[in-house]
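S.K.: Following this message is one structure expressed as structure tokens.
The values are calculated or read from the model by the stated rules, or taken from the named source; none is laboratory data. Keep in mind the model is a prediction, meaning the values are calculated, not measured. Cβ atoms come from the backbone with ideal geometry, glycine included; neighbour counts cover every protein chain shown. When the accessible area is computed, the model is the full protein with side chains, heavy atoms only, and any ligands, DNA or RNA have been set aside. Shrake-Rupley method; radii C 1.70, N 1.55, O 1.52, S 1.80 Å.
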Amino acid sequence: MFLTQELVALRWSDVDLDGATVTVCRARTVLGGVDVERPTKTRGTRVVALDAGTVAVLRSHHGAMV
């Protein structure tokens, strides 16, 4: 469940397509019916490596959005 909360909190500014990484530094959850953004459970930041296929899909998707 925590992974899902971290995934939905990602922003394009967390994604480094040239470096093939994503930085995870926040999570989103619903408290009392309100969507809340907060630090990760451990309050730490992680950098996750992306494979070439994922980078290609994200690059294509980002290009279609702008």
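S.K.: Would you mind working out the accessible area per residue for the chain, using a 1.4 Å probe, and quoting it in Å²? Please report the intermediate quantities before stating the final value.
M.R.: Details: 4660 Å² over 66 residues.
Computed with neighbouring chains in place, this is 71 Å² per residue.
S.K.: What's the longest bit of the chain with no exposed trypsin sites (Lys or Arg not before Pro), using DSSP loop states and at most 14 other Cβ atoms within 10 Å as the test?
M.R.: Values: sites that count: R11, K41, R43.
Here the longest run is 12-40.
S.K.: How much net charge surrounds K41 when only other residues with a Cβ under 15 Å from its Cβ are counted (Lys, Arg +1; Asp, Glu -1)?
M.R.: Working: positive: R26, R28, R38, R43, R46; negative: E6, E37.
With Lys, Arg at +1 and Asp, Glu at -1, the neighbours total +3.
S.K.: Between beta-carbons, use under 15 Å as the cut-off and find the net charge around L17, counting Lys and Arg +1, Asp and Glu -1. Don't jump to the answer; show the numbers that get you there.
M.R.: Working: positive: R11, R59; negative: D14, D16, D18, D51.
Neighbour charge sum, excluding L17 itself: -2.
S.K.: Along the Cα→Cβ direction, 7 angstrom out, place labels at V66 and V36. What is the inter-label distance in nm?
M.R.: Between V66 and V36, the label points sit 3.4 nm apart.
S.K.: Follow-up question, since we're still on this one. Mind checking the full-extension length gain between T23 and L58? Use 0.36 nm per residue of separation minus the Cα-Cα distance, one decimal, nm. Before the final figure, lay out each step's value.
M.R.: Values: separation 35, 0.36 × 35 = 12.60 nm, distance 1.45 nm.
The T23-L58 span can extend by a further 11.2 nm.
S.K.: For the chain, count all C-alpha to C-alpha pairs, find those more than 15 Å apart, and express that count as a whole percent of the total. Each step should come with its number before you reach the end.
M.R.: Working: 1188 of 2145 pairs.
More than 15 Å apart: 55 percent of the Cα pairs in the chain.
S.K.: At a 1.4 Å probe radius, carbon and sulfur cover how many percent of the accessible area of the chain? List each step's numbers first, then the result.
M.R.: Numbers: 2840 of 4660 Å².
Answer for the chain: carbon and sulfur cover 61 percent of the accessible area.
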